[in-house]
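The values are calculated or read from the model by the stated rules, or taken from the named source; none is laboratory data. These numbers were taken from a predicted model, which means no experiment stands behind them. Methodologically, a virtual Cβ is constructed for each residue, glycine included, from the backbone with ideal geometry; neighbour enumeration extends over all protein chains shown. Note: areas computed on protein heavy atoms with side chains; ligands, DNA, RNA excluded. Shrake-Rupley method; radii C 1.70, N 1.55, O 1.52, S 1.80 Å.
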Amino acid sequence: MTKNKLFNTYLLLKLKLSIQNTIFKLGISLLAIIQLCFLFKPELQAQANLSKPNQIIKGFGYSDKGDSVEFIFGQQKKIIVSGVEVLLEKRINEINQVNVAGDFNGWNPDVAKFRMKKVDGNLFTLTVSKSAIGEKGELRQFKFVLNQKYRVEPPQEAQNKFTGKDGNTNLTLKL
């Protein structure tokens with residue numbers, strides 16, 4: 001090969017590597033942008049699991065219904081109770097009652113108004129007016145309580161969880 005051909009081959013190879021490097025960087029940037037969109041828009045992740053197209057979920061464990069909130073328990077496959085991971089489908093028959101306990105009811109799992117109803121297989125729901133929970137703009141905390149005794153820890157993937165100074169981790173909802 002002549003020097004000119006070698007030089008031209010070298011330039012083409014260098015150009016090809018530069019183009020590949022640019023495409024790689026653009027791909028990484030695009031991936032980062034997509035991940036950031038989902039990081040700051042948790043409702044996009046929650047909406048991917050919706051069974052009703054008009055339902056908007058703003059956080060794990062509840063659905064915002066406008067003037068009311070629908071609490072939902074049983075969507076997850078695994079739950080953590082007293083530090084023990086439990087497969088929900090294998091133990092669902094042991095759950096006689098699910099209540100919502102939160103800062104809006106003194107964390108009391110015995111309040112009848114916050115007793116959920118079993119609607120389908122593993123699913124329990126309860127719809128409560130927002131005014132019964134607090135005032136517009138407030139951030140409220142809650143947990144699900146099984147059989148009036150066992151508090152369910154928020155799942156790892158829940159983005160609407162908060163750990164307080166006391167070390168307790170609860171789900172949150174904004175009114």
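About its Cα centre, the dipole of region 100-157 is roughly 220 debye, where the only charges are +1 on Lys and Arg Cβ and -1 on Asp and Glu Cβ. Using heavy atoms of the protein chains and a probe of 1.4 Å, the accessible area assigned to residue 140 is about 40 Å².
Over region 130-175, with every protein chain in place, what whole percent of the accessible area is carbon and sulfur at 1.4 Å, could you tell me? C and S fraction of accessible area: 45 percent.
Within the shell defined by Cβ-Cβ distances under 13 Å, the residues around residue 138 carry a net charge of +2, with Lys and Arg each +1 and Asp and Glu each -1. The 3J(HN,Hα) values that the Karplus relation (6.51, -1.76, 1.60; θ = phi - 60°) gives for region 122-137 are, in residue order, 9, 9, 10, 9, 7, 10, 10, 5, 4, 5, 7, 9, x, 9, 3, x Hz. Gly and Pro appear as x.
Out of every Cα pair in region 49-175, what percent are spaced more than 18 Å from each other? The share of Cα pairs beyond 18 Å in region 49-175 comes to 49 percent.
Given region 59-105, what whole percent of its Cα pairs are spread farther than 12 Å?
Working: 784 of 1081 pairs.
That fraction is 73 percent.
Below 14 angstrom from the Cβ of residue 108, what's the summed charge of the other residues (Lys, Arg +1; Asp, Glu -1)? Before the final figure, lay out each step's value.
Values: positive: 113, 115, 143, 149, 151; negative: 103, 110.
With Lys, Arg at +1 and Asp, Glu at -1, the net is +3.
Residue order by solvent-accessible surface for 77, 113, 165 is 165, 77, 113, largest first, with ligands and nucleic acids left out and a 1.4 Å probe.
Each Lys or Arg adds one and each Asp or Glu takes one away; over the other residues whose Cβ falls under 12 Å from the Cβ of residue 123, this sums to -1.
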